[in-house]
Amino acid sequence: MYRDVLRKYRRGNINWSDKALTNLRREIRVSLRAQQNSRCYFCRQFLYQERRNASENIEHFLDKSKPHYAKWSFSPVNLTLACHPCNMQKGSRDVGDAAVRAAISLRANSGSFRWIHPYFDDYHANIEIHPGWVYGVRVGADKPVQAQNLIQDLELHRIQTIVQRRQRLNDLMERTIIVLEKLIVNPNRDMARMSRVAALQRRINDDLRWA
Ligand SMILES: [Zn+2]
């Protein structure tokens, strides 16, 4: 179905954000969202659909802008969903070694990765998250160095990151309260939407309690 458009992408005729790829990107996002229970792969926080970045949070573990990784732009084992802060922090960092860069196919034994890998490693066997979103390398982790690198490089442990996250949750809570108040006074009350907003508030509240 997407063969022609993927061929164009591989030839370099269109880029990742091209309109012709909109549907494919949406499908990828929906399927990753289900796979990851709507949580960012890196920090495991809930991916709230905020208007500003609702369109794009697909993360290429091996950066698609590097010529040697471009061939894996649509490989399922190279795609995850990430929150905006993690995505920004990762930037175009190269997390593969020389062997990965030279590999023909992307597998667990293609080389070494700087971080634990979204598909080849078990996140929770390597990283432990304590209440307050405090990240640590799990005792007995099989990839302690890679787990530590991920925490450090993405600055998951920085106090500033923690404060910003809490602020974002607070802002989001305030906005949903306003939405809910408007819905309540509306004579044509949309009960389904109201219960969705209420469920969202419950989730934000749970996250805030933990933050
Ligand atoms: Zn994140």
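Read the figures in this text as sums done on the coordinates, not as results from a lab. This is a predicted model, so every value here is computed, not measured. Neighbour counts are summed over all protein chains in view; Cβ atoms, including those assigned to glycine, are modelled from backbone coordinates with ideal geometry.
Please specify each residue of segment 60-76 satisfying the condition of being of a type in the set (Lys, Arg) and outside any loop (DSSP other than H, G, I, E, B).
Looking only at segment 60-76, we keep the residues that are of a type in the set (Lys, Arg), and these are 64, 66, 71.
Scanning segment 60-76 gives a single hit, LYS71.
For the condition touching a residue at least 60 places away in the same chain (Cβ under 8 Å) and surrounded by fewer than 17 Cβ atoms within 10 Å (Cβ to Cβ), what is the one hit in PRO131, PRO144?
When all the criteria are applied, what remains is PRO131.
Just the residues that are under 16 Å from VAL137 (Cβ atoms) and not β-branched (Val, Ile, Thr), please, taken from segment 107-121.
Here is the first cut: in segment 107-121, the ones under 16 Å from VAL137 (Cβ atoms) are 113-117, 121.
Listed by number, the residues that qualify are PHE113, ARG114, TRP115, HIS117, ASP121.
In segment 145-170, how many residues are within 12 Å of the ligand (Cβ to nearest atom) and touching a strand residue (DSSP E or B) at 6+ places or on another chain (Cβ under 8 Å)?
So the first thing to find is which residues in segment 145-170 are within 12 Å of the ligand (Cβ to nearest atom), and the list is 150-151, 154-156, 161, 164-165, 168.
Those still in the list that are touching a strand residue (DSSP E or B) at 6+ places or on another chain (Cβ under 8 Å) too: 150-151, 156.
Qualifying residue count for the region: 3.
Residues to consider are VAL30, VAL95, VAL77; find the one that is in contact with a strand residue (DSSP E or B) (Cβ under 7 Å, 6 or more places away or on another chain) and among the β-branched types (Val, Ile, Thr). Steps first, please.
On the way: VAL30 fails: in contact with a strand residue (DSSP E or B) (Cβ under 7 Å, 6 or more places away or on another chain); VAL77 fails: in contact with a strand residue (DSSP E or B) (Cβ under 7 Å, 6 or more places away or on another chain).
Within the list VAL30, VAL95, VAL77, the selection yields VAL95.
Of all residues in segment 77-109 being β-branched (Val, Ile, Thr) and either within 16 Å of the ligand (Cβ to nearest atom) or part of a helix (DSSP H, G or I) (or both), which is nearest to the chain's Cα centre (by Cα)? Outline the logic, then answer.
Just the residues of segment 77-109 that are β-branched (Val, Ile, Thr), to begin with: 77, 80, 95, 100, 104.
In the following step, the residues that additionally are either within 16 Å of the ligand (Cβ to nearest atom) or part of a helix (DSSP H, G or I) (or both) were identified as 77, 80, 95, 100.
Values: VAL77: 14, THR80: 6, VAL95: 16, VAL100: 22 Å.
Among them, the one singled out is THR80.
Scan segment 5-30 and report the pairs whose first residue is over 22 Å from GLN49 (Cα atoms) and whose second residue is of a type in the set (Lys, Arg) and loosely packed, with under 13 Cβ neighbours inside 10 Å, with Cβ atoms within less than 9 Å and a gap of 6+ or a chain change.
Going by the 9 Å Cβ cut-off, the qualifying pairs are ASN13/ARG7.
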